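Heads up: the structure comes next, in structure tokens.
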Amino acid sequence: MSEQAKPIVEIRDVSVRYPNGVMALDGINVDVNQNDLIALLGPNGAGKSTLLKVILGLIKPTSGSVNLFGSQELSKNLKYVGYVPQSAQVRDPNLPFSVYETVMLGRTPHAGLFHGVGAQDRQKVEETLKLFEIHELKDRKIGQLSGGQSQRVFLAKAMVADPKLLLLDEPTSGVDTTSKSEFYKILERLNKERGITVILSSHDVGVITKIANRVLCINRSQFFCGENADFSAIAEIHKVYDHPVELMEHSDHP
Amino acid sequence: MIILESILNLLQAGFVQRAFIISIIIAVLSSVLSIFIVLKQISLIGHGLAHTAFGGLALGYYLNIVPFWVGGVTVVLGSLGITKAMRSAKISGDAAIAVFIELGLAGGIVLLSVARGFGVSLESLLFGSVLVVSFDQIIGASVVAAITLGIIFVFFKELVYVTFDETQAKAAGIKTWFFDYLISVLAGITVIVAIPIVGVLLIAALLVLPALTSIQISKSFRQTVILSPIFGLITVVSGLFLSILIDAAPGGAIVLTGLAILGIILVAKRIQSFGKSPEKPALTASNET
């Protein structure tokens with residue numbers, strides 16, 4: 001059980017320099033503990049997406065190291081990670097994938113090589129569709145959903161694999177206020193009731209600092225990493241965004 | 001009546017029956033592959049591979065080594081090269097394919113012109129010779145089709161994920177590079193088997209049109225997998241009938257038939273969307289919470 005006390009993700013002195021010379025991340029140090037809900041904040045181009053991709057092994061750091069579930073061999077443990085990319089909602093309306101099939105894709109890493117999806121996978125998908133209240137959409141084409149519906153489908157796809165860690169890259173961009181509020185409620189439930197660790201990058205500073213227990217504020221380099229209670233949003237955000245910021249909250253969020 | 005009788009007589013001829021059988025095998029194979037090719041937005045790869053194979057076959061004729069094997073090796077190397085170039089950030093995918101098209105076509109034409117007298121015509125490679133298919137060619141195409149479809153079946157769920165979204169597939173731990181190369185090599189093998197029969201131009205079309213047509217009306221990937229071979233079969237069978245009926249080149253007739261089917265589907269879809277357009281906003285908003 002001592003393993004559980006160890007951080008799920010250990011990021012040590014991670015720097016990323018792109019081939020064009022741009023420094024995307026510079027000396028990031030973070031421990032992500034089980035049950036954390038981390039708000040990843042920073043302006044556009046701050047390296048938020050890059051950091052999430054480094055954790056997933058999609059981008060190799062120029063220096064530093066990442067441990068995922070105690071191993072530097074990231075691909076070995078990716079089946080325990082759910083990921084919703086920034087562009088998840090923007091789909092070709094003609095893409096011939098139904099909502100059901102899209103969510104089923106999330107089961108792929110769990111089915112072994114040479115094995116198709118089985119009855120257990122289908123049952124899991126049905127349950128997840130109901131949990132996220134998208135069961136009635138299951139035969140609709142993924143590209144024909146609204147932003148809010150689409151974002152729930154991609155969260156369901158990430159969750160159907162029973163992940164221990166969820167990485168969400170600006171999942172609410174382009175989504176209306178009501179859907180955003182619903183989305184954050186679901187996320188809070190997943191974190192509190194199911195014990196799923198979440199790293200959430202977003203510009204909804206007011207809302208996510210309300211649901212997060214920890215905050216990581218970056219703008220290529222690390223500005224703040226610590227408990228939400230110690231985070232002086234206005235002061236830190238001013239520094240990171242380099243201009244005055246007004247914190248907005250959705251009125252219908254609890 | 002006389003025309004119908006002569007068509008029925010023709011259908012009883014062994015060479016026509018063999019033409020239909022091999023066209024059906026190639027149609028099914030290329031239609032299934034076309035799903036992954038079109039959805040991965042690498043539709044031009046069929047052209048790139050077909051022209052690379054053309055260059056390889058011409059090299060085989062020039063060197064007087066079994067053209068099929070020289071062409072086969074060339075197209076597999078070409079498929080690996082095209083995929084490597086497309087995955088590289090240094091050159092755009094369409095430019096990479098264009099380079100291989102030019103290289104294959106120019107090299108092939110030069111070699112064929114030098115190799116004149118080795119019993120091969122430019123026309124037969126470009127347009128194929130579906131009406132002079134041997135029994136051995138049918139066996140060869142069947143074996144290739146069975147192996148290729150078998151590989152697709154084995155890796156189906158991974159191929160589907162990579163086709164859906166490469167970044168998300170990679171984030172799920174799938175080795176996407178392997179599947180990029182796999183699709184390309186399988187398409188290359190299909191091309192080399194199909195070219196002597198249906199020609200460079202037709203095989204490139206068959207690697208795009210069936211999926212492109214089925215995507216227009218499919219609501220799911222499952223439907224696309226069912227409809228794509230059906231459209232492929234309808235295209236080759238009716239195209240071959242048309243070519244016999246009007247005594248036209250089979251390859252051209254089949255491609256035009258495929259394009260006509262796509263055109264009809266697009267027009268029908270457009271007409272249908274006119275009727276449905278006022279409901280669209282309501283549909284989008286109805287399930288929003």
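In this structure the amide hydrogen of A:VAL16, modeled in the peptide plane, comes within under 5 Å of the amide hydrogens of A:ALA24, A:LEU25, A:ASP26, A:GLY27, A:THR62, none closer than 5 places in sequence on its chain.
Diffusion coefficient (Stokes-Einstein, Kirkwood radius over C-alpha pairs, 37 °C, 0.692 mPa s) for segment B:191-272: 251 µm²/s, rounded to a whole number. Sort segment A:44-185 into rounded, prolate or oblate with this rule: let a ≥ b ≥ c be the square roots of the eigenvalues of the Cα gyration tensor; rounded if a/c is under 1.5, and if a/c is not under 1.5, prolate when a/b is larger than b/c, oblate otherwise. Oblate shape, in that a/c is at least 1.5 and b/c is the bigger or equal ratio. Karplus-based coupling profile of segment A:156-162, in residue order and whole Hz: 5, 4, 5, 7, 5, 8, 6, with θ = phi - 60° in 6.51 cos²θ - 1.76 cosθ + 1.60 and x standing for Gly or Pro. Overall shape: prolate for segment B:127-201, with the ratio a/c of the largest to smallest alpha carbon gyration tensor axis at 1.5 or above and a/b above b/c. Between A:ARG12 and A:ASP92, the modelled labels are 4.3 nm apart [label points 7 Å from Cα along Cα→Cβ]. For A:PHE223, the amide hydrogen comes within under 5 Å of the amide hydrogens of A:CYS217, A:ILE218, counting only partners 5 or more places away or on other chains and with H modelled in the peptide plane. Using the alpha-carbon centroid of each, what span in Å lies between segment B:1-62 and segment B:105-168? The two parts, judged by their Cα centres, are 9 Å apart.
Annotation for B:ILE65 and A:GLU127: the two label points, set 7 Å from Cα along the Cα-Cβ direction, are 5.8 nm apart.
When the Cα gyration tensor is reduced to axis lengths a ≥ b ≥ c, the ratio a/c is 1.5 or higher for chain B, and with a/b not above b/c it is classed as oblate.
Within the protein assembly as shown, the proportion of Cα pairs with more than 47 Å between them is 24 percent.
Per-residue Karplus couplings for segment A:46-57, computed as 6.51 cos²θ - 1.76 cosθ + 1.60 with θ equal to phi - 60°, are listed in order as 6, x, 5, 5, 4, 4, 5, 5, 5, 4, 7, x Hz, Gly and Pro entered as x. Of the complete DSSP H runs in chain B, those spanning 18 angstrom or more by Cα along the long axis with a mean Kyte-Doolittle score not below -1.0 are B:14-39, B:45-63, B:67-87, B:93-114, B:135-154, B:176-206, B:221-246, B:250-276. Scanning residues 5 or more positions from A:LYS141 or on other chains, none has an amide H under 5 Å from its amide H, with H placed 1.01 Å from N in the peptide plane. The ranking of B:ILE264, B:ILE230 from fewest to most other beta carbons within 10 Å of each one's beta carbon is B:ILE264, B:ILE230. Pairs over the 18 Å Cα-Cα cut-off, from the set A:LYS138/B:LYS170; A:LYS124/A:LYS164; B:LYS90/B:LYS175; A:LYS53/A:LYS79: A:LYS138/B:LYS170; B:LYS90/B:LYS175. As a test, work out the antiparallel percent of DSSP beta bridges whose residues both lie in the protein assembly as shown, rounded to the nearest 5. In the protein assembly as shown, DSSP labels about 50 percent of beta bridges as antiparallel. The phi torsions of segment A:119-128, fed into the Karplus equation with coefficients 6.51, -1.76 and 1.60 and a -60° offset, translate into couplings of 4, 5, 5, 4, 5, 4, 5, 4, 4, 5 Hz, rounded to whole numbers, with Gly and Pro shown as x. Shielding by partners for peptide A:116-126, expressed as the average number of C-beta atoms from other protein chains within 10 Å of each residue's C-beta, is 1. Each peptide in A:43-52, B:26-35, A:155-164, B:4-13 was scored by the mean count of other Cβ atoms within 10 Å over its residues; highest first, the order is B:26-35, A:155-164, A:43-52, B:4-13. Mean residue ellipticity at 222 nm, helices only, the protein assembly as shown: -19000 deg cm²/dmol; runs of at least 4 DSSP H residues each add -39,500 (n - 2.57), and the sum is divided by the number of residues. Calculated FRET efficiency, B:ILE147 to B:ILE21, Cβ-Cβ distance, R0 = 22 Å: about 0.75 to the nearest 0.05.
For the pair segment B:175-211 / segment A:135-199, the C-alpha centres are spaced 37 Å from each other.
Put simply, when B:46-55, A:95-104, A:184-193 are sorted by average Cβ atoms within 10 angstrom per residue, most first, you get B:46-55, A:95-104, A:184-193.
Look at the stretch B:172-181: the mean tally of other chain Cβ atoms within 10 Å of its residues' Cβ atoms is 3. Measuring r between the beta carbons of B:LEU4 and B:ILE234 and using R0 = 22 Å, the FRET efficiency lands at 0.65.
Using the average count of surrounding beta-carbon atoms within 10 Å as a protection proxy, the listed peptides A:71-79, A:22-30 rank, highest first, as A:22-30, A:71-79. Identify which of B:VAL75, B:VAL130, B:VAL160 has the largest mean-square fluctuation in a Gaussian network model of chain B, with springs joining Cα atoms closer than 10 Å. Maximum among the listed residues: B:VAL160.
A Förster distance of 35 Å, applied to the separation of the beta-carbon atoms of B:ALA13 and B:LYS269, puts the FRET efficiency at 0.35.
Shielding by partners for peptide A:175-182, expressed as the average number of C-beta atoms from other protein chains within 10 Å of each residue's C-beta, is 1.
In this Cβ point-charge picture (+1 for Lys and Arg, -1 for Asp and Glu), chain B has a dipole of about 540 debye about its Cα centre.
Where a number appears in this text, it was derived from the coordinates with a stated rule and is not lab data. Everything numeric in this text was worked out from a predicted model, so none of it was measured. Note: ideal-geometry Cβ built from the backbone for every residue, glycine included; neighbour counts use all protein chains shown.
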